[in-house]
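Asker: This is the structure, below, for whatever I ask next.
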2 protein chains.
Amino acid sequence: MKDIEIAQKCTMEPIGEVAKRAGLTEDEIDQYGKYKAKISLPLKDHEPTKRKLVLVTAINPTPAGEGKSTVTVGLADAMQLRNKKTMIALREPSLGPVMGMKGGATGGGYSQVVPMEDINLHFTGDMHALTAANNTLAALIDNHIHQGNQLGIDQRRVIWKRVVDINDRALRHVVVGLGGPTSGVPREDGFDITVASELMAIICLAKDIADLKNRIGRIVIGYTFDRQPVTVDQLGVTGAIAVLLKDAIKPNLVQTLAHTPAVIHGGPFANIAHGCNSVFATKTCLDLADYTITEAGFGADLGAEKFLDIKAPVLGKTPDAVVIVATVRALKMNGGVSKKELDAENVAAVEQGYANLRKHVQNMQRYGLPVLVALNRFVQDTDAELQKIQELCEQDGTKAFVCDVWAKGGNGALELADAVVEACDKKTEFKPLYGSDDEVEVKIEKIVREIYGGDGVEFGPKAKKQLVQFHKLGWDKLPVCMAKTQFSLSDDASLLGAPTGFTIHVREFVPKLGAGFLVALTGNVLTMPGLPKVPAAMGINLTDEGVIEGLY
Amino acid sequence: MKDIEIAQKCTMEPIGEVAKRAGLTEDEIDQYGKYKAKISLPLKDHEPTKRKLVLVTAINPTPAGEGKSTVTVGLADAMQLRNKKTMIALREPSLGPVMGMKGGATGGGYSQVVPMEDINLHFTGDMHALTAANNTLAALIDNHIHQGNQLGIDQRRVIWKRVVDINDRALRHVVVGLGGPTSGVPREDGFDITVASELMAIICLAKDIADLKNRIGRIVIGYTFDRQPVTVDQLGVTGAIAVLLKDAIKPNLVQTLAHTPAVIHGGPFANIAHGCNSVFATKTCLDLADYTITEAGFGADLGAEKFLDIKAPVLGKTPDAVVIVATVRALKMNGGVSKKELDAENVAAVEQGYANLRKHVQNMQRYGLPVLVALNRFVQDTDAELQKIQELCEQDGTKAFVCDVWAKGGNGALELADAVVEACDKKTEFKPLYGSDDEVEVKIEKIVREIYGGDGVEFGPKAKKQLVQFHKLGWDKLPVCMAKTQFSLSDDASLLGAPTGFTIHVREFVPKLGAGFLVALTGNVLTMPGLPKVPAAMGINLTDEGVIEGLY
């Protein structure tokens, strides 16, 4: 049975009931249909006894798939089965990959969050509100330039790009303002995908409305003719942009197939943005449940690093345990097996590909965190292959648990759940990767050497120029959000396993003063994906009775 | 007190209660927050006894304002006070004017629909779903061309434009696909405002999901190198676009300040699109209430003409009565008074400007419909001025009612409500303006001569070429959607009153096969507005407590 069919067969609990079980009052939620709700913040008088945080991350993704969301959901359902008060904090899917190739982000099989169609499509409108707010700001900038340009904005140095929540390569590089003097000032421009936008980062990091407005106000949209940064506050439209985000900042409540409450909010990609669900979402779960299972995007080199170095300081809490998801198939691919040969048993390839898993485990241990490995079982996996990974983990001092959450839901991760509970009770001391006073170059150097396993970093001509500028402007101690391919620990997607001897190439920075970090673009990573030759859109249908088919 | 303050002081009824009073069961609605709901179609077993339809339209708008939505809401509240089972069908506001100049579209004073902030901002996400669906289709088209172009689409002849729900003049004319071979095929392109998009027309005219899909499938997105039209069905993505609109086709339920149920759905502008709320919305009200008060955009030359010639045939019902809204101030401006001299009494100017009102009254009578005039009172209006209009109307065989709905709500329109009830009981015979078999040129000629009062129509070189093509393709008998300035009966915004001796200039057609009509662009009308020097956005704020200020 397909994921969507399993999801459609499920009898969901009315969202008011889910909210009640989570400890939310009727006043604290706003229903969006019968099975979704927005949570009104701040919450009052909820005090769980434990507040344990579990971060689920993964090895580098391969075309074979890892099922990180599936494990996250299955683990939470397993914790519920063990009578632990548990909630899930996840990111919202982007329409781009849903219509393109990757599909949605609601788990799979019997470990899904539902209603999967709504979550994967418009959900409660957060992505669209962000798109509208982002592009309203863009229109206000171009209008300012067109209407006399009182601030003296250099139209060649506007860095605020428009966005769409669509994989649209034709919008990567455009020229706007054509058509003569009544249609604006011509300039080169480009569109990013919404999940890469600074406003997305802002709603994911804001602590309250005042903080939201402060962050919006200090966004740098470009530079004047004499190279001074221009902010949204200077444009005088901070309030309007904040108003457009007034509902988007509220976390969304849904449920798993087993009715575990799940908060899904914010959706930055981990390769081009900071890759974590919102501080609001995680905090809501921490405030309501004893155990919060949360997820960071792509591999631990991207999502988890950003969770620990960017999100955790704002959240004011580091994880009590880390779960790293791996699959036999993905390790085989890391060990050099091609996609069509994945079904044949190949213990040697598993052993070779294990290098990737080991590196990610070591990276998380480097932060001083207890690490568990979840082996997400596929039907083709053999016992010999699974045992090999468990042995290798054992040798390295980690424990790997075979999970069968796709087929069995929470019942497929009970052992892992018990280990997570045990790990959470240990006392840990978090060791940050870099100090907040480290300069940008040092921060990147530390990420490259200690997390990626590279030899160092090389700054391209544009990045070098920008670094000079950042030092002048006092932006040189901001945290760094690396934009890098998700497929490798390096910035070259073809280097699998645990490569060494490589250098990371930073070609350009995008300063995001509202988010509070600098994005470093490495290799040839793009902030606007394209669609494949046969996009997923071609397989999607709506029956005359209103049933959705072909959504993944 | 400002409109937003009046709205924020109102105690709204929970939307479930409003739905119940409207006759909807719990299963028939999906709540979006506490005060908005989507209505699930089709409705079953509702059979009101009357099914009367009242169309509210207006004279040509002026900067003085007419308050058509305010009168629509006030009239409905008055009908409720008279114990008539009444509902309202309105369009959804566009964010563009909300952030720009015109403001929202939720009425004013004590005649508003609420929650006004939500309705004027993202509401239930329909505009955003349309934007996403429109731009997903655009990305799929450019991707098709980029990935081998199997259908042989001529990139110079793609007519499917991208949209944003924002006044963004810099996007009117753009070049996309720049940046080299990995970023698509370069071509000239442009963005329209979402409310002008064909998908907006489609959700406003679709009868059910099957019809929605048929309409999407036959959209012509451009032409091949040998000049053959290419449809969405040929691209194979009809299902995906329909899925993105699955919730947007459901009408939205809200309430007036006096708790009259209001359905707000679909938002095409009347100057560049067909200007009426959805068939779903109007039909829902007709199915539930005895009296449905609905509104068409801008003046009767645009909104009402399109209601009667485009929407009514799909709806299968014509209005039982028409209310034309006018104000002393707007008639004065039509009589040549400048905006800053509006406050001084000027009966002569009122008399001169009356020509505009008379023309619109005659136009509606031409369709065989009973017409009533609503004079929307402003505090500066003098009795002499109001009486003059009433006298002039009387002489022409119409009755004009002074309404004070801004200050008094429904109590300000009781006389009008009684007259509307009386008018609805008369038997009328609808006389269509043109026959469905008339050719395009004839249809336009009839609109220009009989509605606008012009001498005829002149087709520009591009339009002439297109007409030849349309005759070949068999599109020559489609209805016509005129895109024309709203400020004049002519295509020249400066000709006020009831001009004569003018010609309408059709410069270009946009064929909309999914909507089922041809858009005729006249004069210099634009399908993407711009922002003013001081946009409304600059006065909008969100307090730290989450209260919105400065929204109109």
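The values are calculated or read from the model by the stated rules, or taken from the named source; none is laboratory data. Because the structure is predicted, anything quoted here is derived from the model rather than measured. Glycine also receives a Cβ, built like all others from the backbone with ideal geometry; neighbour counts cover every protein chain displayed. Ligands, DNA and RNA are excluded from the accessible area calculation, which covers all protein heavy atoms including side chains. Shrake-Rupley method; radii C 1.70, N 1.55, O 1.52, S 1.80 Å.
Asker: Can you tell me which residues in segment B:464-493 are surrounded by 23 or more Cβ atoms within 10 Å (Cβ to Cβ) and small (Gly, Ala, Ser)?
Answerer: If the condition is that a residue be surrounded by 23 or more Cβ atoms within 10 Å (Cβ to Cβ) and small (Gly, Ala, Ser), then B:ALA483, B:SER488, B:SER490 are the ones that fit.
Asker: OK, next. Away from every other protein chain (no Cβ under 14 Å), out of contact with any Leu (no Cβ under 7 Å at 6 or more places or on another chain) and modelled with pLDDT of 95 or more: which single residue out of B:PRO479, B:PRO511, B:PRO499 fits that description?
Answerer: After ruling out the rest, the residue left standing is B:PRO479.
Asker: Here is a further query. Can you tell me which residues in segment B:169-180 are in contact (Cβ under 8 Å) with a residue 24 or more places away in the chain and either at negative phi or open to solvent by 10 Å² or more (accessible area, probe 1.4 Å) (or both)? Write out each step before concluding.
Answerer: Going residue by residue through segment B:169-180, those that are in contact (Cβ under 8 Å) with a residue 24 or more places away in the chain are B:169, B:171-172, B:176-177.
B:ARG169, B:LEU171, B:ARG172, B:VAL176 - these are the residues of segment B:169-180 that are in contact (Cβ under 8 Å) with a residue 24 or more places away in the chain and either at negative phi or open to solvent by 10 Å² or more (accessible area, probe 1.4 Å) (or both).
Asker: Next up: Working only within segment A:155-173, note down all residues that are in a strand (DSSP E or B) and in contact with a Phe, Trp or Tyr (Cβ under 7 Å, 6 or more places away or on another chain).
Answerer: A:ARG157, A:ARG162, A:VAL163, A:VAL164
Asker: Step by step: first the residues of segment B:121-141, then only those that are at the interface with another protein chain (Cβ under 8 Å from one of its Cβ atoms) and among the small types (Gly, Ala, Ser), then the one that is nearest to A:ALA537 (Cα to Cα). Which residue is that?
Answerer: Out of the qualifying residues, it is B:ALA139.
Asker: Only one of these conditions is not met by B:ALA270: (1) open to solvent by 10 Å² or more (accessible area, probe 1.4 Å); (2) under 22 Å from B:PRO499 (Cβ atoms); (3) at pLDDT below 95. Which number is it?
Answerer: (1)
Asker: Sticking with this structure for a sec: Check off (1) modelled with pLDDT of 95 or more; (2) over 24 Å from B:GLU66 (Cα atoms) for B:PRO535 and give me the number that stays unchecked.
Answerer: B:PRO535 satisfies all of (1) modelled with pLDDT of 95 or more; (2) over 24 Å from B:GLU66 (Cα atoms) except (2).
Asker: Still on this structure, I have one more. For segment A:400-431, which residues satisfy the criterion of being basic (Lys, Arg) and surrounded by 15 or more Cβ atoms within 10 Å (Cβ to Cβ)? Give the derivation first.
Answerer: First pass over segment A:400-431, keeping only residues basic (Lys, Arg): A:408, A:426-427, A:431.
Answer for segment A:400-431, where residues must be basic (Lys, Arg) and surrounded by 15 or more Cβ atoms within 10 Å (Cβ to Cβ): just A:LYS408.
Asker: Hey, can you tell me all the residues within segment A:230-275 that are assigned to a loop (DSSP other than H, G, I, E, B), closer than 27 Å to A:GLY16 by Cα and facing chain B (nearest Cβ under 9 Å)?
Answerer: Hits for segment A:230-275 are A:LEU245, A:LYS246, A:ASP247, A:ALA248.
Asker: Among residues belonging to segment A:531-549 that are in a loop (DSSP other than H, G, I, E, B), more than 7 Å from every other protein chain (Cβ to nearest Cβ) and closer than 21 Å to B:HIS144 by Cβ, point out the one that is most open to solvent (accessible area, probe 1.4 Å).
Answerer: Quick first cut of segment A:531-549, residues in a loop (DSSP other than H, G, I, E, B) only: A:531-535, A:540, A:543-547.
After this cut, where a residue has to be more than 7 Å from every other protein chain (Cβ to nearest Cβ) as well, the list is A:532, A:534, A:543, A:545, A:547.
Within this subset, residues satisfying the condition of being closer than 21 Å to B:HIS144 by Cβ are A:532, A:534.
Details: A:PRO532: 26, A:VAL534: 108 Å².
Step by step, filter segment A:531-549, then rank; the result is A:VAL534.
Asker: Continuing with this model, one more query. Can you spot a residue in segment B:66-75 that is outside the structural domain of B:HIS265 (by the TED database), in contact (Cβ under 8 Å) with a residue 12 or more places away in the chain and among the polar types (S, T, N, Q)? Write out each step before concluding.
Answerer: Looking only at segment B:66-75, we keep the residues that are outside the structural domain of B:HIS265 (by the TED database), and these are none.
No: segment B:66-75 contains no residue that is outside the structural domain of B:HIS265 (by the TED database), in contact (Cβ under 8 Å) with a residue 12 or more places away in the chain and among the polar types (S, T, N, Q).
Asker: Considering A:ILE153, A:ILE166, which residue is closer than 25 Å to B:ASN134 by Cβ, buried (at least 22 other Cβ atoms within 10 Å of the Cβ) and either among the β-branched types (Val, Ile, Thr) or more than 7 Å from every other protein chain (Cβ to nearest Cβ) (or both)?
Answerer: Being closer than 25 Å to B:ASN134 by Cβ, buried (at least 22 other Cβ atoms within 10 Å of the Cβ) and either among the β-branched types (Val, Ile, Thr) or more than 7 Å from every other protein chain (Cβ to nearest Cβ) (or both) holds for just one of A:ILE153, A:ILE166, which is A:ILE166.
Asker: Looking only at helices (runs of 4 or more DSSP H) that lie completely in segment B:397-487, which have at least 2 residues being under 17 Å from B:VAL71 (Cβ atoms) and in contact (Cβ under 8 Å) with a residue 12 or more places away in the chain?
Answerer: It comes to B:405-408, B:414-424.
Asker: Then there is this: Could you please find all residues in segment A:70-108 being away from every other protein chain (no Cβ under 14 Å) and at pLDDT below 95?
Answerer: A:LYS102, A:ALA105, A:THR106, A:GLY107, A:GLY108
Asker: If I ask for residues that are small (Gly, Ala, Ser) and either more than 11 Å from every other protein chain (Cβ to nearest Cβ) or in a loop (DSSP other than H, G, I, E, B) (or both), which ones from segment A:177-223 would you list?
Answerer: A:GLY177, A:GLY179, A:GLY180, A:GLY184, A:GLY190, A:ALA196, A:SER197, A:ALA201, A:ALA206, A:GLY217, A:GLY222
Asker: When segment B:35-55 is examined, which residues are found to be in a loop (DSSP other than H, G, I, E, B) and at pLDDT 95 or above? Break it down stepwise before answering.
Answerer: Of the residues in segment B:35-55, the ones in a loop (DSSP other than H, G, I, E, B) are B:35-36, B:40-51.
Hits for segment B:35-55 are B:TYR35, B:LYS36.
Asker: Which residue pairs have Cβ atoms closer than 9 Å, lie 6 or more positions apart in sequence or on different chains, and pair a first residue in segment B:493-513 that is basic (Lys, Arg) with a second residue that is open to solvent by 20 Å² or more (accessible area, probe 1.4 Å) and assigned to a strand (DSSP E or B)?
Answerer: Going by the 9 Å Cβ cut-off, the qualifying pairs are B:ARG507/B:PHE459.
Asker: Quick check on segment B:128-136. Is at least one of its residues assigned to a loop (DSSP other than H, G, I, E, B) and outside the structural domain of B:GLY107 (by the TED database)?
Answerer: no
Asker: Across segment B:503-521, what is the number of residues that are open to solvent by 20 Å² or more (accessible area, probe 1.4 Å) and closer than 15 Å to B:ARG449 by Cα?
Answerer: Of the residues in segment B:503-521, 2 are open to solvent by 20 Å² or more (accessible area, probe 1.4 Å) and closer than 15 Å to B:ARG449 by Cα.
Asker: Of (1) in the same structural domain as A:ALA76 (by the TED database); (2) basic (Lys, Arg); (3) under 24 Å from the mean Cα position of the chain (by Cα), A:LYS484 satisfies all except one. Which?
Answerer: Of (1) in the same structural domain as A:ALA76 (by the TED database); (2) basic (Lys, Arg); (3) under 24 Å from the mean Cα position of the chain (by Cα), only one is false for A:LYS484: (1).
Asker: Answer with yes or no whether B:LYS339 is closer than 30 Å to B:GLY454 by Cα, modelled with pLDDT under 95 and surrounded by fewer than 20 Cβ atoms within 10 Å (Cβ to Cβ).
Answerer: The answer is yes for B:LYS339.
Asker: Sticking with this one: For segment A:3-56, give me the residue count where each residue is of a type in the set (Lys, Arg) and without any contact (Cβ under 8 Å) to a residue 24 or more places away in the chain.
Answerer: Total satisfying the criteria: 4.
Asker: Suppose we filter segment B:86-143 for residues that are touching a His at 6+ places or on another chain (Cβ under 6 Å) and open to solvent by 10 Å² or more (accessible area, probe 1.4 Å); how many remain?
Answerer: 2
Asker: If you take the residues of segment A:70-90 that are within 21 Å of the chain's Cα centre (by Cα) and of a type in the set (Gly, Ala, Ser), which of them is farthest from A:HIS46 (Cα to Cα)?
Answerer: Ranking the candidates gives A:GLY74 first.
Asker: Moving on. So how many residues does segment A:28-63 have that are at positive phi and open to solvent by 40 Å² or more (accessible area, probe 1.4 Å)?
Answerer: 2
Asker: Test B:THR70 against the stated conditions and say whether it is open to solvent by 10 Å² or more (accessible area, probe 1.4 Å) and on the phi < 0 side of the Ramachandran plot.
Answerer: Details: open to solvent by 10 Å² or more (accessible area, probe 1.4 Å): yes; on the phi < 0 side of the Ramachandran plot: yes.
Yes, satisfied.
Conditions (1) without any contact (Cβ under 8 Å) to a residue 24 or more places away in the chain; (2) open to solvent by 10 Å² or more (accessible area, probe 1.4 Å); (3) under 19 Å from B:SER490 (Cα atoms); (4) in a strand (DSSP E or B), marked per residue:
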site: B:LYS306; (1), (2), (3), (4): no, no, yes, no
site: B:ASP309; (1), (2), (3), (4): no, yes, yes, no
site: B:VAL323; (1), (2), (3), (4): no, no, no, yes
site: B:GLU345; (1), (2), (3), (4): no, yes, no, no
